[in-house]
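Report on one structure; see the data block that follows.
The values are calculated or read from the model by the stated rules, or taken from the named source; none is laboratory data. Note that the coordinates shown come from a computational prediction; the quantities given were computed from them, not determined experimentally. Here the Cβ positions follow ideal geometry from the backbone for every residue, glycine too, while neighbour counts run over all protein chains shown.
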Amino acid sequence: MASRAPILGIAGLVFLLFGLLSHWLMYNPAEGFFAFGWYSLFHVVLGLVCLVWYFVSGSGSLLQFVRARSTRYGANAVVYTTFFLAVVVMLNFLGARYHRRIDLSAEGVNTLSEQSRQVLDRLQEDVQLDVFLQGGRDPVLEELFDAYKYRSPRIQARFVDPQVRPEVAQEAGVTQVPSIRVRMGERSTIVTETDEESVTNAISRVSNPERKKVYFAEGHGEPGTKDTGNPGGFGLFADALGKQNYLVETLFLPELEKVPDDAAAVVVTATEKDYFPREIDTLRSYVRGGGHVLVLLEPRQGEALVKLLGEFGIRAGNDVIVDQQIRLFEGVSLGLDPVVSDYSDHPSVAPLKERTLFSLARSVSPAEPAPQGIVVKTIASTAKTSWAETDIERIFSQSQAQLDPQDREGPVSIGVAASAFAKDIGGQGDAEMKLVAFGDSSFATNKYWRQLFNDALVLSVTGWLTGEESRISIGPRIVRASRAHLTQAQAITVFYLSVLVIPELILLLGITVWWRRSAL
């Protein structure tokens, strides 16, 4: 027993050290200094028992114990352990003071989008975010706003419980929760959506009081911009533009001599009733003068618009795009809802990588050769399994399609962008003409707006047309993060194992190995 006594003294010091260390780390002022947890109390008692056993076993006086070689080795181990812990504490302190965030998730779900970062980097004044929540707490929102504050020191956020602080909610004009008031100086706005898209666009809105106008041509049976209940309406399209800090208005071309000067872009949709020659002349003059137009075509409709596009290097085919679809228990079948996943490097679709869904679309491709001075480029194409069916009558009358030699095999261009300087296409000045055409209009209607990433595509193109690339496709998507949600008991267990138990076992194992080797 006497030969084993020295290791009991070293073990006692280790137990006592980790007991006091755990008590210090888990100390709660509300419970008092002497409120030891079970882990701390067990180690302190065990350490004292080992030390008492060491002295009672006749291993010598305290002075002999201190001068013993085993004590010096044990003291060295304690010093090394203390030094290691001091380094860890210092690194944590430096990390808290000079912290850096690194997102290692596969989808980048813990960082802001590139568009949000661009908006924050341009801030010239401080922005106050007042978040009104039931209970005043939301871990997900807190994490989101931490990302905003980490990116820009001009972002300040506070969380308010309207029931606890009703005067603050009344002063802000908040009538429902959750709500976020975004304020910069005298300008403020309130949003009820709590996703990154809504918050970023609210920041953009207050930081730039000027709101650009997007006009929708009407008078031919186009989808209504205020129609959110009808599947064929443009209501969701218009609402999304409003959230992007645009003003949406309608345009009746027959009553106008020219497109209004404050138009940032004009949306023109092909319908069963074609445009009048005077309307086409008005649009032509607007485009040649450096205007920005989004044209949404349909098969067998809008021939006047098709001819106008041809003047600027965009060719619309007299066809319908057919694509193969794989249905459960049915195998491969043919469908008229092509899925697009192939985008070019054009700035109008540069941020897009996800799929979009079209319905009953015609092909739209660059004309060859392109008119002089105009740059024309495909921005979206269908899959290789698709083709442009030229026998339209058979499709509409018999619902049949077959790839024939005269048909165009996939990938089929379904979206095209054209740009040129006004002076190079018969206009005046240095304004840049921008023109985008799609072979389908239904993909932007209420029915398809939230299908796949249709909304992101439309907003991305609109942002390029209006010169607001920072508002391009700030995706309102919630991607599932790869994270573990621990209960309080589980978190405490992980803490004890990683910070206390495992280091303690390693230290005791090292002391045991050293002791056995020294005893040989």
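Condition first: hydroxyl-bearing (Ser, Thr, Tyr), buried (at least 16 other Cβ atoms within 10 Å of the Cβ) and more than 16 Å from Ala202 (Cβ to Cβ). Now tell me which residues in region 121-168 satisfy that.
Those that are hydroxyl-bearing (Ser, Thr, Tyr), buried (at least 16 other Cβ atoms within 10 Å of the Cβ) and more than 16 Å from Ala202 (Cβ to Cβ): none in region 121-168.
When you look at Leu283, is it at pLDDT 95 or above and either assigned to a loop (DSSP other than H, G, I, E, B) or over 20 Å from Lys377 (Cα atoms) (or both), yes or no?
Yes.
Against the conditions (1) of a type outside the set (Phe, Trp, Tyr); (2) at pLDDT 75 or above; (3) outside any loop (DSSP other than H, G, I, E, B), where does Gly74 fall short? Just the number, please.
(2)
Being within 20 Å of His292 (Cβ to Cβ), over 32 Å from the mean Cα position of the chain (by Cα), of a type in the set (A, V, I, L, M, F, W, C) and part of a loop (DSSP other than H, G, I, E, B) is true for just one of Ala370, Ala401, Ala350, Ala420. Which residue is that?
Exactly one residue qualifies, and that residue is Ala370.
Are there any pairs with C-beta distances below 6 angstrom linking a residue in region 136-149 that is under 17 Å from Val182 (Cα atoms) to a residue that is acidic (Asp, Glu) and not in a helix (DSSP H, G or I), with the two at least 6 apart or on different chains, and if so which?
Close Cβ pairs (under 6 Å, with a partner that is acidic (Asp, Glu) and not in a helix (DSSP H, G or I)) amount to Gly136/Asp161.
So, Leu309, is that one touching a residue at least 40 places away in the same chain (Cβ under 8 Å), over 30 Å from Val119 (Cβ atoms) and not in a loop (DSSP other than H, G, I, E, B) or not? Can you show your working first?
On the way: touching a residue at least 40 places away in the same chain (Cβ under 8 Å): yes; over 30 Å from Val119 (Cβ atoms): yes; not in a loop (DSSP other than H, G, I, E, B): yes.
Taking the combined requirement at face value, the residue satisfies it.
Of the numbered conditions (1) closer than 30 Å to Pro139 by Cβ; (2) in the same structural domain as Arg450 (by TED's automatic domain parsing), Glu193 satisfies every one except a single condition; which is it?
Failing condition for Glu193: (2).
Does Gly173 satisfy being more than 20 Å from the chain's Cα centre (by Cα) and at positive phi?
So Gly173 fits the description; yes.
Do we find that Leu123 is in a loop (DSSP other than H, G, I, E, B) and modelled with pLDDT of 85 or more in this structure?
yes
Return yes when Ile203 is over 30 Å from Ala370 (Cα atoms) and part of a helix (DSSP H, G or I) and no when it is not.
Yes; evaluated as a whole, the condition is true for this residue.
Only one of Asp274, Asp261, Asp239 is outside any strand (DSSP E or B), touching a His at 6+ places or on another chain (Cβ under 8 Å) and either modelled with pLDDT of 85 or more or farther than 20 Å from Thr462 by Cβ (or both); which?
Details: Asp261 fails: touching a His at 6+ places or on another chain (Cβ under 8 Å); Asp239 fails: touching a His at 6+ places or on another chain (Cβ under 8 Å).
From the options Asp274, Asp261, Asp239, the qualifying one is Asp274.
Only one of these conditions is not met by Gly221: (1) among the small types (Gly, Ala, Ser); (2) surrounded by 15 or more Cβ atoms within 10 Å (Cβ to Cβ); (3) modelled with pLDDT of 85 or more. Which number is it?
Among (1) among the small types (Gly, Ala, Ser); (2) surrounded by 15 or more Cβ atoms within 10 Å (Cβ to Cβ); (3) modelled with pLDDT of 85 or more, the lone unmet condition for Gly221 is (2).
Which residue pairs have Cβ atoms under 9 Å apart, sit 6 or more places apart or on different chains, and have a first residue in region 251-263 that is surrounded by 12 or more Cβ atoms within 10 Å (Cβ to Cβ) and a second that is modelled with pLDDT under 90?
These pairs meet every condition: Ala263/Lys212.
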